[in-house]
Amino acid sequence: MTRDSGKEARKVLKRRTVTVEGSLPRLLLWTAIVAILLTLAGPTELFENPLRVGRNHFHPHRASGDIVLVSIDDRSLRDVGRWPWPRRYHATLIDRLTAAGAKRIFFDITFETRSNSVDDNLLATAIERSGKVTLSVRGQSGPRGIAQQTPGPLPMFSRHAKLGSIAIDYNFQNTIWQLPHSSQVGGSRLPSFAAALSESKPGVNNFTLDYSIDPKSIPTINSASLLSGKFDPKMVAGKDVIIGTNSEILGDQYYIPGLGKMGGVFVQIIGAETLKAGTPIDLGWLPTLALALAFTAGAASRRKPAHRNLMFGAGSLVLVIAPVWLDNYHIFIDVVPALFVVLTIWTVLSWRGLRKRGLVNPVSNLPNLNALRANRDGRKQALIAARILNYEEIAATLPENSERQLIEQIVSRLTVGAPKRTLYQGDNGIFAWFEDSTAPFGNHLDALYSVFRNPARIAGAPLDLVISFGVELGSGRSLDNRLASALVAAEEAAHDGLKWKYHDPGTLEDASWKLSMLSQLDSAIDGGQVWVAYQPKLELSSRRIIGAEALARWTHPEKGPIAATEFVAAAEQHNRIGKLTDFVLEHAVGAAAQINKRGVEFGIAVNLSARLLADKGFTLRLSALLARHGLPPEQLTLELTETAALTGSGEGIEMIARLRDLGVRISIDDYGTGLSTLEYLKKIPANEIKIDQSFVKGMVDNRSDRLMVQSTIGLAHSLDRKVVAEGVEHRDILDLLVEMGCDVAQGFAVGRPMSIESLSKRISSERKRSAA
């Protein structure tokens with residue numbers, strides 16, 4: 001029987017392998033489509049650009065030194081005067097550079113409008129006299145996809161000068177990765193400054209800049225020094241000179257990858273230095289994407305996971321390293337789309353492999369419960385679970401390697417009358433299978449139960465097997481939930497002395513919720529289902545909101561709002577209240593700190609479980625929390641129930657005292673429901689007493705409740721403690737509390753629990769009304 005079941009397990013595995021291989025072309029196609037869409041939309045640049053910058057660090061090199069920058073920087077503006085300079089200064093720059101033997105002079109400054117006739121004539125004359133000047137035309141420049149046509153220099157300047165384009169193409173990060181060889185301006189095509197400086201033949205396409213050239217290695221002369229004649233003429237003799245700005249005051253700043261903001265003139269120089277080394281070849285992203293798809297298809301077809309992982313790892317490494325080598329030869333490629341394909345396919349196949357390897361029980365080679373969950377056909381059938389109740393005890397007494405014999409005997413009995421039945425094995429004696437829901441399997445289960453009354457013989461020793469069966473007839477729920485239902489039914493059958501039992505949905509729902517609530521609570525806190533509501537507290541003497549009580553709320557995705565009395569009490573009973581308290585404190589202290597920082601004196605109250613009074617690390621955590629958010633300790637009140645405060649051990653009283661020493665306020669909550677006396681109240685180092693709402697709600701109509709509230713206020717004030725009345729739901733209760741001299745009121749008449757945003761708006765509105 002084990003051999004047949006093992007064959008079935010291998011069939012399941014084989015079917016899943018075929019499914020994986022059959023879905024590979026579809027996976028490749030969809031991954032390629034997503035990669036192309038991401039690339040066209042632009043997000044891949046966020047990852048491509050850092051890779052480019054990183055590669056540049058592997059082969060940095062200096063500029064050729066053939067191009068000299070005359071920089072109009074902050075020092076020049078300080079020494080010469082504010083911008084724009086009179087054009088006679090530019091004429092002086094031309095004369096001095098020409099006299100020093102400069103090969104050519106480029107102006108990365110535009111002269112598109114008139115200034116005054118004297119200065120304009122001086123500049124025009126200097127340009128004509130030099131015969132070496134190239135003036136800039138901005139042409140079409142702007143962010144990608146947005147072209148801005150601009151005029152050229154005045155005819156009086158361009159008549160005796162050459163023209164060059166300084167058009168640029170920058171991205172959303174204000175970074176220029178490519179420059180045009182030339183630009184169309186006014187019906188003619190002008191070479192870019194980069195092409196002209198490099199004396200290369202201008203093309204019509206853009207070229208990629210080589211940012212591994214160190215901009216700091218470009219020979220630079222301060223323009224103020226040049227104007228004053230304090231420069232070495234040898235620096236410019238026989239060299240091309242470009243005059244441009246490099247000051248944030250003047251703008252024209254772009255991000256140089258890996259270095260930061262620099263003047264646009266540096267981009268033109270780096271472009272020229274790039275072209276001097278040869279025209280770069282930009283292959284883009286399509287070739288690497290095509291190669292990645294072909295490589296991925298080959299790697300994914302490898303049957304052995306180790307070989308497949310080795311190929312994918314090597315391929316990813318090549319995609320990262322190869323561009324470093326290609327960049328040295330001015331061959332630029334984009335690799336992020338290709339990396340996306342390789343890593344996505346690798347991740348998906350690895351995940352599928354992990355799932356596939358988890359379908360067989362390692363001891364028996366039977367399909368396990370993961371294989372059961374993967375059986376889609378089983379959703380239409382009845383699910384039967386068998387539980388060997390004493391399996392663990394038997395397995396613990398067996399000789400080594402004898403557990404397989406035990407499983408074989410169990411399987412041989414469970415397949416009586418159905419030799420082709422596929423059994424699924426779980427841990428600790430759990431077995432399951434599917435049956436036709438219309439078949440009369442009740443008699444069959446009775447017969448199987450009878451078969452198990454005969455002892456099994458393992459290693460020559462007779463062993464009694466105690467079994468029970470649970471049946472889940474079928475529903476729209478997941479197989480996981482259905483299996484849990486069948487197992488619960490099996491346990492109930494054993495408990496009730498029955499051979500088998502149908503699943504009762506109502507019983508399971510309630511039981512499973514109670515069993516899982518605490519574990520779900522932990523994940524709900526981490527997943528954002530638990531949140532903090534704030535119920536405002538009103539100071540009765542001033543009639544203003546002075547604080548709020550922080551209350552935990554849980555909105556379950558399926559069950560909706562869960563009553564706080566239900567999950568808080570459960571967490572406290574099972575000693576799981578610590579995480580919930582820390583969560584509420586974190587949010588409440590942070591919220592109160594933000595309100596206080598806006599100039600509003602605002603206190604926050606948080607309930608503290610008696611169990612935390614024994615937590616020696618609580619005061620340290622609380623002190624750190626207050627310091628991190630910057631909330632004064634006196635703005636935090638910790639509320640302890642009267643019973644917890646008065647019946648606490650000496651250690652608990654010491655903890656309360658330490659909290660008081662920290663500066664935190666202590667409140668006795670639900671006062672009046674315990675057995676407090678004046679002696680006990682003196683013993684507890686509390687700052688305030690909070691009267692239980694059961695007395696406050698009835699004080700208008702019930703004389704004894706009114707006397708209780710009145711006496712408590714008087715007692716608390718005699719001990720120099722404030723009084724908070726909770727459960728104030730009507731205006732007449734509020735008025736009566738004012739007459740009695742109560743300090744603070746809390747309840748629906750003041751405000752319902754609300755979000756911190758709503759509370760902040762209410763506080764702001766009250767401040768505006770007060771100011772008015």
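The values are calculated or read from the model by the stated rules, or taken from the named source; none is laboratory data. Just so you know, these numbers come straight off a predicted model, no measurement behind them. Glycine also receives a Cβ, built like all others from the backbone with ideal geometry; neighbour counts cover every protein chain displayed. Note: accessible area is taken over every heavy atom of the protein model, side chains too, but ligands, DNA and RNA are not part of it. Shrake-Rupley method; radii C 1.70, N 1.55, O 1.52, S 1.80 Å.
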Note on the stretch 202-240: residues surrounded by 19 or more Cβ atoms within 10 Å (Cβ to Cβ), closer than 30 Å to L326 by Cα and hydrophobic (A, V, I, L, M, F, W, C) are F207, L209, I213, I218
Kindly list, by first and then second residue, each pair from a residue in the stretch 254-266 that is closer than 18 Å to F107 by Cβ and at pLDDT 85 or above to a residue that is open to solvent by less than 10 Å² (accessible area, probe 1.4 Å) and outside any strand (DSSP E or B), limited to pairs with Cβ atoms under 6 Å and residues at least 6 apart or on different chains. F266/P215
Keeping to the stretch 408-436, report how many residues are open to solvent by 40 Å² or more (accessible area, probe 1.4 Å), over 19 Å from L483 (Cα atoms) and without any contact (Cβ under 8 Å) to a residue 60 or more places away in the chain. 3
Just need a number here: residues in the stretch 38-58 that are part of a helix (DSSP H, G or I) and either on the phi > 0 side of the Ramachandran plot or among the aromatic types (F, W, Y) (or both). 1
Within the stretch 537-571, count every residue that is crowded, with 17+ Cβ neighbours inside 10 Å, without any contact (Cβ under 8 Å) to a residue 40 or more places away in the chain and outside any strand (DSSP E or B). 1
Which condition number in (1) at pLDDT 90 or above; (2) touching a Leu at 6+ places or on another chain (Cβ under 7 Å); (3) in a helix (DSSP H, G or I) is the one that Y534 fails? (3)
Could you grab me the full set of residues in the stretch 585-612 that are surrounded by fewer than 20 Cβ atoms within 10 Å (Cβ to Cβ) and β-branched (V, I, T)? V600
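One line per residue, one yes/no per condition, for (1) surrounded by fewer than 19 Cβ atoms within 10 Å (Cβ to Cβ); (2) among the basic types (K, R):
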site	(1), (2)
L366	no, no
L372	no, no
K380	yes, yes
L398	yes, no
L406	no, no
Among A290, A306, A338, which is open to solvent by 20 Å² or more (accessible area, probe 1.4 Å), at pLDDT 90 or above and in a helix (DSSP H, G or I)? A290
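Regarding the stretch 443-457, can at least one residue be identified that is in contact with a Pro (Cβ under 8 Å, 6 or more places away or on another chain) and either among the aromatic types (F, W, Y) or touching a residue at least 12 places away in the same chain (Cβ under 8 Å) (or both)?
Within the stretch 443-457, one or more residues are in contact with a Pro (Cβ under 8 Å, 6 or more places away or on another chain) and either among the aromatic types (F, W, Y) or touching a residue at least 12 places away in the same chain (Cβ under 8 Å) (or both).
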Spot the failing condition for P323; the list is (1) modelled with pLDDT of 90 or more; (2) under 22 Å from L27 (Cβ atoms), and only one is missed. (2)
I'm told L473 meets every condition in (1) among the aliphatic types (A, V, I, L, M); (2) touching a Leu at 6+ places or on another chain (Cβ under 9 Å); (3) at pLDDT 85 or above except one. Can you identify the failing condition by its number? (3)
Failed criterion for S468 (all others in (1) of a type in the set (G, A, S); (2) at pLDDT 90 or above; (3) open to solvent by 60 Å² or more (accessible area, probe 1.4 Å); (4) under 24 Å from L406 (Cα atoms) hold): (3)
Somewhere in the stretch 437-458, is a residue open to solvent by 70 Å² or more (accessible area, probe 1.4 Å), small (G, A, S) and in a loop (DSSP other than H, G, I, E, B)? no
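Specify which of the listed residues (S765, S758) is open to solvent by 40 Å² or more (accessible area, probe 1.4 Å) and farther than 15 Å from R543 by Cβ.
Of the residues listed, the single one that is open to solvent by 40 Å² or more (accessible area, probe 1.4 Å) and farther than 15 Å from R543 by Cβ is S758.
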Could you list, in sequence order, all residues of the stretch 183-233 that are within 46 Å of the chain's Cα centre (by Cα) and of a type in the set (F, W, Y)? F193, F207, Y211
In the stretch 143-175, residue surrounded by the most Cβ atoms within 10 Å (Cβ to Cβ) [restricted to those that are modelled with pLDDT under 85, closer than 18 Å to G263 by Cβ and not polar (S, T, N, Q)]: I168
Please find, within the stretch 659-685, the residue that is most open to solvent (accessible area, probe 1.4 Å) out of those that are in a loop (DSSP other than H, G, I, E, B) and at pLDDT 90 or above. G663
So the check is Cβ under 9 Å with 6+ separation or different chains; which pairs have a first residue in the stretch 596-617 that's more than 20 Å from R543 (Cα to Cα) and in contact (Cβ under 8 Å) with a residue 60 or more places away in the chain and a second one that's assigned to a strand (DSSP E or B) and among the polar types (S, T, N, Q)? N607/T641
Only listed residue being in contact with a His (Cβ under 7 Å, 6 or more places away or on another chain), among the hydrophobic types (A, V, I, L, M, F, W, C) and open to solvent by less than 60 Å² (accessible area, probe 1.4 Å), chosen from I94, I127, I72: I127
Can you name the residue in the stretch 349-396 that is touching an Asp or Glu at 6+ places or on another chain (Cβ under 8 Å) and of a type in the set (K, R) and, of all such residues, is modelled with the highest pLDDT? R387
